[in-house]
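So the structure is just underneath, and the comments pick up after that.
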Amino acid sequence: MSINQKLLDRNSNQCELCNEQVATIEYTVSPKNDDSIENQVAICEKCSAAMDNKEASFHWRCLDGSIWNPEPSVQALSYRILFGLKEEGWANDLINLTDYDENTIQWAVSAYEKAPLHIDAFGNTLEAGDTVVLTKELNVKGTNFTASKGTVVKRIKLVNDNTDQIEGKINDQTIVILTKFVKKSL
Ligand SMILES: [Zn+2]
């Protein structure tokens, strides 16, 4: 995979994290997509390996340069890595030197926030594709049937913006069901 030249040009082909090695990898800073270099950082093999190695904190002292990079993606990734090491005084000191805007910090720390979960009546985490059983008789709005307690609903979908709701098919109709009225079939 060739790396985007415009991305490379941003730091004269050097890794935007360590500024020491030639950049060979396009790193996309989650949760953003790889559709714009503004969401990406050009990094080297060494930094890429260090990101997968929890013992590599010594390597990240190189971020004392990258935190001054004007690109929000580089700032966000640098901050994210340092935030993960903030128990170490030097990393916390570097974090405190930065003066990033709120959006960049939010982007950086989003990696540490747990996504809200859909939980059934018994505290089990629900996932798309799960099978659930109704724990209560439900009057299904907008239809002429009642779903009895014990009805099995296969291949549920999670409602993205509401962790209290899932969707599933009963009698061939897709309906919204409250998570508190289902039990995950384990
Ligand atoms: Zn590097």
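For segment 5-112, the dipole from Cβ point charges (+1 on Lys and Arg, -1 on Asp and Glu) about the Cα centre works out to 120 debye, to the nearest 20. The H on the amide N of I25, modeled in the peptide plane, is under 5 Å from the matching H of I43, each at least 5 residues off or on a different chain. Phi-derived couplings, Karplus 6.51 cos²θ - 1.76 cosθ + 1.60 at θ = phi - 60°, listed residue by residue for segment 176-184: 8, 10, 7, 4, 6, 10, 10, 10, 5 Hz, with x used for Gly and Pro.
How large is the charge dipole for segment 124-186, taken about the Cα centre, if only the Cβ atoms of Lys, Arg (+1) and Asp, Glu (-1) carry charge, to the nearest 20 debye? Don't skip to the answer; put the middle values down first.
Details: 10 positive and 7 negative charges, 42 e Å.
Rounded to the nearest 20 debye, it is 200 debye.
Cα centroid separation, segment 76-138 to segment 1-43: 24 Å. Computed from backbone phi, the HN-Hα couplings of segment 47-53 come to 5, 4, 5, 5, 5, 8, 10 Hz, rounded to whole numbers (Karplus: 6.51 cos²θ - 1.76 cosθ + 1.60, θ = phi - 60°; Gly and Pro given as x). Charging the Cβ of each Asp and Glu at -1 and of each Lys and Arg at +1, and nothing else, the dipole of the chain about its Cα centre rounds to 1240 debye.
List every DSSP H helix in the chain whose Cα atoms extend 15 Å or more along the helix's own long axis and whose mean Kyte-Doolittle hydropathy is at least -0.5. Spell out each step's value before the answer.
On the way: long enough: 72-84 (18 Å, 0.62).
Qualifying helices, which must be both long enough and hydrophobic enough, are 72-84.
Residues I175, I25, I156, ranked from the fewest to the most other C-beta atoms within 10 Å, line up as I25, I175, I156.
Computed from phi, the 3J(HN,Hα) profile of segment 126-135 under the Karplus parametrisation 6.51, -1.76, 1.60 (θ = phi - 60°) reads 8, 10, 4, x, 5, 9, 10, 10, 6, 9 Hz, with x in place of Gly and Pro. In the chain, helices alone account for a calculated mean residue ellipticity at 222 nm of -6500 deg cm²/dmol, with every DSSP H run of four or more residues adding -39,500 (n - 2.57). Only one residue of L117, L63, Q5 has its Cα farthest out toward the positive end of the dipole of the chain, where Lys and Arg carry +1 and Asp and Glu -1 on Cβ, and that residue is L117.
Average 1/r across all pairs of distinct alpha carbons in segment 42-186, invert it, and you get the Kirkwood radius: 18.6 Å.
When averaged across all projection directions, what area in nm² does the alpha-carbon convex hull of segment 2-82 cover? Please list the in-between numbers first.
Values: hull surface 19.2 nm².
Dividing the Cα hull surface by four gives the mean projection, 4.8 nm².
Take D99, D93, D130 and order them by how many other Cβ atoms sit within 10 Å, fewest up front. It would help to have the intermediate numbers written out before the result.
Values: D99 6, D93 12, D130 22.
Least to most surrounded, the residues fall as D99, D93, D130.
In this model, which of K141/K183; K6/K46; K114/K180; K6/K157; K86/K184; K54/K114 are farther than 31 Å apart at the alpha-carbon?
On the way: K141/K183 20 Å; K6/K46 21 Å; K114/K180 21 Å; K6/K157 40 Å; K86/K184 38 Å; K54/K114 20 Å.
Correct reply: K6/K157; K86/K184.
At a Cβ-Cβ separation cutoff of 4.7 angstrom, cysteine residues of the chain with no neighbouring cysteine are C47. Over segment 118-184, the fraction of Cα-Cα pairs per 10 Å bin, rounded to whole percents and listed from the shortest bin up, is 24, 61, 15, 0.
None of the figures in this text is laboratory data; all of them are computed from the coordinates on show. Quick caveat, the model's predicted, so the values are computed rather than measured. No Cβ is skipped: glycine too gets one built from the backbone with ideal geometry, and neighbour counts run over all protein chains shown.
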